[in-house]
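Student: Sharing a structure with you now.
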Amino acid sequence: MKVNIKYFAAIRESVGLGHEPVQTQTTTLGLLRDELIARGGVYAQSLARGRAVRVALNQVMSDESVALIDDCEVAFFPPVTGG
């Protein structure tokens, strides 16, 4: 399945990409996150399980148990505060 991933804020800076297309066999947002973490390096550091990371599927904030959809957009970003 094709997934279009977007990275925002500190995750974008760390990974060095704003977006990338990914082919995956995973079925949920959480498993996709684990697949990216398994790449190691900056992906493992930025998306690590101990870090606060928010995720959205097709621009809707989602729990990591939500199923992926072919050709969907997945966004990863740290929690932000306004002021």
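Student: Hey, can you tell me all the residues within segment 47-70 that are charged (D, E, K, R) and open to solvent by 90 Å² or more (accessible area, probe 1.4 Å)?
Tutor: First pass over segment 47-70, keeping only residues charged (D, E, K, R): 49, 51, 54, 63-64, 70.
Once the filter is applied, which keeps residues that are charged (D, E, K, R) and open to solvent by 90 Å² or more (accessible area, probe 1.4 Å), segment 47-70 yields Arg49, Arg51, Arg54, Asp63, Asp70.
Residue-wise test of (1) at pLDDT below 95; (2) under 15 Å from Asn4 (Cβ atoms).
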residue: Ile37; (1), (2): no, no
residue: Leu47; (1), (2): no, no
residue: Ala56; (1), (2): no, yes
residue: Asp70; (1), (2): no, yes
residue: Thr81; (1), (2): yes, no
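Student: Hey, another quick one. For segment 47-58, indicate whether the set of residues that are of a type in the set (S, T, N, Q) and in contact with a Lys or Arg (Cβ under 9 Å, 6 or more places away or on another chain) is non-empty. Spell out the reasoning first.
Tutor: Filtering segment 47-58 down to residues of a type in the set (S, T, N, Q) leaves 58.
Imposing the further condition that a residue be in contact with a Lys or Arg (Cβ under 9 Å, 6 or more places away or on another chain) reduces the set to none.
Looking through segment 47-58, none of the residues is of a type in the set (S, T, N, Q) and in contact with a Lys or Arg (Cβ under 9 Å, 6 or more places away or on another chain).
Student: Please find, among Val74, Val42, Val3, the residue that is modelled with pLDDT of 95 or more and exposed (fewer than 15 other Cβ atoms within 10 Å of the Cβ).
Tutor: Working: Val74 fails: exposed (fewer than 15 other Cβ atoms within 10 Å of the Cβ); Val3 fails: exposed (fewer than 15 other Cβ atoms within 10 Å of the Cβ).
Every option except Val42 fails the conditions.
Student: Taking the options Val42, Val53, name whichever one is in contact with a Ser or Thr (Cβ under 9 Å, 6 or more places away or on another chain), β-branched (Val, Ile, Thr) and free of Cβ contacts under 8 Å to residues at least 40 places away in the same chain.
Tutor: Working: Val53 fails: free of Cβ contacts under 8 Å to residues at least 40 places away in the same chain.
Exactly one residue qualifies, and that residue is Val42.
The values are calculated or read from the model by the stated rules, or taken from the named source; none is laboratory data. All figures in this text were calculated on a predicted structure; none of them were measured in a lab. Heads up, the Cβs are rebuilt from the backbone with ideal geometry, glycines too, and the neighbour counts pull from every protein chain shown. In case anyone asks, the SASA skips ligands and DNA or RNA and just uses the protein heavy atoms, side chains included. Shrake-Rupley method; radii C 1.70, N 1.55, O 1.52, S 1.80 Å.
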